[in-house]
Amino acid sequence: MSIWSRISNAVAALASGEGLSAVFEKLRSPPEKSIAFTIAVIALSAKMAKADGLVTRDEVTAFREVFQIAAEDEAGAAKVFNLARQDVAGFQDYAKRIRAMFGEEPGTLCDLMEGLFHIAMADGTYHPAEDQFLHDVAEIFGIDDNRFRAMRARFVPDATPDPYTVLGVTPDMPIDEIRKHWRQLVRESHPDVMIARGVPAEAVKLSERRMQDINDAWAEINGKPA
């Protein structure tokens with residue numbers, strides 16, 4: 001059974017009148033967590049779309065880049081998206097429930113944030129409302145400002161990415177400590193590690209850009225190729 005079929009089943013199991021956020025109370029252990037991760041990205045993307053007022057074709061395409069969606073599964077993904085947009089619950093409620101589910105796995109919450117950044121930047125514009133939305137979600141997730149700025153530096157081209165910000169380090173740190181931090185990020189970005197912490201196999205494409213960005217940042221700091 002594909003992950004999209006499992007998502008459709010999870011949504012269909014909601015009681016009459018029950019909001020989509022209730023799904024996160026029902027999917028708390030593997031392998032259900034990979035379903036919850038995907039629903040979380042869809043649901044928060046829908047809330048983010050309301051923040052900047054529109055959904056563009058580019059954003060839909062970006063979502064397909066993160067999650068390979070077969071033609072027969074598009075209707076199921078659209079249903080979850082529309083449920084989230086229509087749900088009276090605010091994004092804060094979604095984010096708090098997601099934090100409760102993945103709170104002991106901060107790496108998964110960062111993976112989820114990166115998916116949202118990818119979708120936010122799909123149309124080439126980073127709307128101030130999107131920035132505020134993502135900052136608020138990161139705060140609820142417990143992601144500190146350094147980590148948030150590192151993600152923002154990688155995705156938002158409003159300035160040349162500072163390699164130290166990308167790695168979440170500072171120029172005054174010893175090079176050996178920066179190297180240690182870079183290696184830790186590389187380990188966290190391995191597809192097998194991502195899948196183990198609940199990221200569905202369909203979404204490990206997220207790791208490709210992250211790995212490239214952190215290796216480029218380290219190469220610039222170190223003065224030679226990673």
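The values are calculated or read from the model by the stated rules, or taken from the named source; none is laboratory data. The shown structure was predicted, so the numbers you read here are calculated from the model rather than taken from an experiment. Backbone-built Cβ (ideal geometry, glycine too); neighbour counts: all protein chains shown. When the accessible area is computed, the model is the full protein with side chains, heavy atoms only, and any ligands, DNA or RNA have been set aside. Shrake-Rupley method; radii C 1.70, N 1.55, O 1.52, S 1.80 Å.
Quick one: count up the residues across the range 9-25 that are assigned to a helix (DSSP H, G or I) and open to solvent by less than 50 Å² (accessible area, probe 1.4 Å).
Of the residues in the range 9-25, the ones assigned to a helix (DSSP H, G or I) are 9-12, 20-25.
From what is left, the residues that are open to solvent by less than 50 Å² (accessible area, probe 1.4 Å) are 10-11, 20-24.
Here the count works out to 7.
Please tell me if Asp145 is within 28 Å of Thr125 (Cα to Cα) and open to solvent by 80 Å² or more (accessible area, probe 1.4 Å).
Working: within 28 Å of Thr125 (Cα to Cα): yes; open to solvent by 80 Å² or more (accessible area, probe 1.4 Å): yes.
Yes.
Picking from Phe91, Phe63, Phe67, which residue would you name as being surrounded by 15 or more Cβ atoms within 10 Å (Cβ to Cβ) and at pLDDT 70 or above? Write out each step before concluding.
Details: Phe63 fails: at pLDDT 70 or above; Phe67 fails: at pLDDT 70 or above.
The unique qualifying residue is Phe91.
I want to confirm something. Restricting to the range 189-213 and keeping residues that are assigned to a helix (DSSP H, G or I), open to solvent by less than 50 Å² (accessible area, probe 1.4 Å) and out of contact with any Ser or Thr (no Cβ under 8 Å at 6 or more places or on another chain), which single residue is farthest from Phe155 (Cα to Cα)?
Going through the qualifying residues, I end up with Leu206.
Among the numbered conditions (1) open to solvent by less than 40 Å² (accessible area, probe 1.4 Å); (2) in contact (Cβ under 8 Å) with a residue 40 or more places away in the chain; (3) within 21 Å of the chain's Cα centre (by Cα), tell me where Leu185 comes up short.
Only one criterion in (1) open to solvent by less than 40 Å² (accessible area, probe 1.4 Å); (2) in contact (Cβ under 8 Å) with a residue 40 or more places away in the chain; (3) within 21 Å of the chain's Cα centre (by Cα) is unmet by Leu185, namely (2).
Only residues that are modelled with pLDDT of 70 or more and of a type in the set (S, T, N, Q): list them for the range 1-60, please.
The answer is Ser5, Ser8, Asn9, Ser16, Ser21, Ser34, Thr38, Ser45.
When you scan the range 106-117, do you find a residue that is touching a residue at least 60 places away in the same chain (Cβ under 8 Å) and over 26 Å from Asn215 (Cβ atoms), even just one?
no
Determine which member of the set Pro171, Pro157 is loosely packed, with under 14 Cβ neighbours inside 10 Å and under 19 Å from Leu116 (Cα atoms). Step through it out loud before you land on a result.
Details: Pro171 fails: under 19 Å from Leu116 (Cα atoms).
Within the list Pro171, Pro157, the selection yields Pro157.
Residue-by-condition table, conditions (1) open to solvent by 30 Å² or more (accessible area, probe 1.4 Å); (2) β-branched (Val, Ile, Thr); (3) at pLDDT 90 or above:
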position: Thr125; (1), (2), (3): yes, yes, no
position: Pro128; (1), (2), (3): yes, no, no
position: Gln132; (1), (2), (3): yes, no, yes
position: Tyr164; (1), (2), (3): yes, no, yes
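Please go through (1) in contact (Cβ under 8 Å) with a residue 40 or more places away in the chain; (2) within 14 Å of the chain's Cα centre (by Cα) for Pro161 and return the number of the only condition it doesn't satisfy.
Going through (1) in contact (Cβ under 8 Å) with a residue 40 or more places away in the chain; (2) within 14 Å of the chain's Cα centre (by Cα) one by one, Pro161 breaks only (2).
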